[in-house]
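Below: the structure, in structure tokens.
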Amino acid sequence: MWRMEDYIARYGYLAILIGTFLEGETTVLLGGIFSKLSYLKLDQVMVWAFAGTFAGDCTFFFLGKFLGRNIIERFEFLRSKIPLANAIMRKYGNFIIFLVRFFVGIRGVILLLLGCTDIRKRTFFVYSLISAFLWSIVVSSIGYLFANVVYIFVQDIKEYEELISAAMLVVVIIFIFIYRHIVKEKEQDYGNE
């Protein structure tokens, strides 16, 4: 019978790649924690986190660059944000590309909008590359260091792995329901304007 450690060791890096492609802070923090607990290797967590987040950034940005105008033209509330996005780009310059990495939960939307601005592809690529590299190292390391706190409170994690797995599943499900509720409310608010 497989234990939790076996699943983490076998699928952990793939989970980090997919999780960071979409958003990823929690995924990378968990990767750092599991590295400290010797289920994964910290350098590999950083590499897969970098690959996933950089690929996700480029995907969302280029979707915005090539398809975003068509999508935005359909929705007035999005269309009205393009001048603001261009103004922010002019005011903060390329630094906004670096900062977008740390906007938890809305990174994909911001990247789509950035793709619709007049930012050059090469500029985005360079700043995103640097940002993804630093982010993957910092967030993985925070998870690794945070594992010391987890280890202090849970001396023998194997004793509690079923409880921890169940708790993590419940938290993820709750998060998904809350997120869906917020998105539906925002869609209704925008639809009523």
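The values are calculated or read from the model by the stated rules, or taken from the named source; none is laboratory data. This one's a predicted model, so the numbers in the text were calculated from it and none came from an experiment. Reconstructed Cβ throughout: ideal geometry from the backbone, glycine too, with neighbour counts over all protein chains shown. Keep in mind that these areas ignore ligands, DNA and RNA; they rest on the heavy atoms of the full protein, side chains included. Shrake-Rupley method; radii C 1.70, N 1.55, O 1.52, S 1.80 Å.
Key figures for this structure:
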read-out	value
Some residue of region 75-94 being open to solvent by less than 10 Å² (accessible area, probe 1.4 Å) and assigned to a helix (DSSP H, G or I)	no
Long-range neighbours under 8 Å by Cβ, at least six apart or interchain, first residue within 17 Å of Phe125 (Cβ to Cβ) within region 60-73, second open to solvent by 60 Å² or more (accessible area, probe 1.4 Å) and basic (Lys, Arg)	Phe62/Lys121; Lys65/Lys121
Whichever residue in region 97-131 is in a helix (DSSP H, G or I), over 28 Å from Val183 (Cβ atoms) and charged (D, E, K, R) and, among such residues, is most open to solvent (accessible area, probe 1.4 Å)	Arg122
Total residues in region 19-42, condition open to solvent by 90 Å² or more (accessible area, probe 1.4 Å) and either within 16 Å of Ser140 (Cβ to Cβ) or over 14 Å from the mean Cα position of the chain (by Cα) (or both)	3
Condition met for Asn70 (of a type in the set (S, T, N, Q) and open to solvent by 80 Å² or more (accessible area, probe 1.4 Å))	yes
Some residue of region 145-168 being exposed (fewer than 12 other Cβ atoms within 10 Å of the Cβ), under 24 Å from the mean Cα position of the chain (by Cα), of a type in the set (A, V, I, L, M, F, W, C) and modelled with pLDDT of 80 or more	yes
